[in-house]
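The values are calculated or read from the model by the stated rules, or taken from the named source; none is laboratory data. Remember, predicted model here, so these are calculated numbers, not experimental data. Cβ placement follows ideal geometry from the backbone for every residue including glycine, while neighbour counts extend to all protein chains displayed. The area values use the complete protein model at the heavy-atom level, side chains included, leaving out ligands, DNA and RNA. Shrake-Rupley method; radii C 1.70, N 1.55, O 1.52, S 1.80 Å.
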Amino acid sequence: MGARSISDRRAGVAKGAGALALALFCVLAIALVQRQGMLDGLNVALMGMAGRARDSGAGAPVTGIMQLASAVGGTAGRFALLGVCFVGLWGDARRRAFWLLWVVIGGTLLNLALKQIFAAPRPDLLPHLDIVHGYSFPSGHAAGNMIFFGALAMLAGRRSAYVGAALAVALIGTSRVWLGVHWPSDVLAGWIEGLGWLAFCVVWLPARRGQGEGAGQAMMRGHAVGGDEAMDPEAVEQGRGGD
């Protein structure tokens, strides 16, 4: 079992690294296409729609919601939530708490590095309704919250958690376009970056208490992430034959 576990881990790392490499390739492709101006029509059209909606009768309350979502999903808000989750996990699941911590910090550093590499300016089509510093591509809000809420969903291992995470990520990403501080393609690239980082990090997701192997290994053996039922045919066969 030890040799098989090591083999599963190596296969998981290889698949995770491949997923991250594919995500970074997609981010690079979006950056190159955007730099050539091939996304200008789509970006301007979508941000123009946001601008017209901002100026409509319902624009003011929606803007308030978008500003709140953006603040919660910003670096300070996200790390405050991370601290709360870390403390909440510390008592019963310290390994899972540390996994969440390094996943979020590592993803944040990756996004900062990519921003420095691409050095894309902020859009100036609409007045900015948020104070921003630094480069635009890929969106830190989009990547950071994909990573944070995605990691929380993986820890929970429930469909409802994934649905809630998707809604939060979508709202925060949309808020950045609504507030005029990111092109839609910036947000898309951030989401792709975050998904790639999660695919890489899930290999090291610690098992729940009483669960025999990590969730990353469970995925490789046919388990749902964080789930309780084995889908591995060999494991099912063993379960039928034994008491």
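Placing R0 at 51 angstrom, the Cβ-Cβ distance between ALA58 and SER7 gives a FRET efficiency of 0.35 after rounding to 0.05. Projected label points at MET38 and VAL87, each 7 Å from Cα along the beta carbon direction, are separated by 4.9 nanometres. Relative to one another, the C-alpha centroids of the range 164-204 and the range 104-121 are positioned 13 Å apart. Rounded to the nearest 20 debye, the dipole magnitude of the range 47-188 is 400 debye, with +1 charges on Lys and Arg beta carbons, -1 on Asp and Glu beta carbons, and the Cα centre as origin.
Each residue was assigned an accessible area with a 1.4 Å probe, and for TRP204 the value is about 90 Å². The modelled label-to-label distance between GLN67 and ILE131, using points 7 Å beyond Cα along the C-beta direction, is 1.3 nm.
Once both labels are positioned 7 Å from their Cα atoms along Cα-to-Cβ, the gap between GLN116 and ALA156 label points is 3.5 nm. Can you tell me the FRET efficiency between ARG94 and LEU22 if r is taken as the Cβ-Cβ distance and R0 is 35 Å, rounded to the nearest 0.05? That gives a FRET efficiency of 0.60. Taking all protein chains together and a 1.4 Å probe, the residues ASP130, ASP124, ASP8 rank ASP124, ASP130, ASP8 from largest to smallest accessible area. Taking every protein chain into account, the 1.4 Å probe leaves PHE86 with about 50 Å² of accessible area, to the nearest ten.
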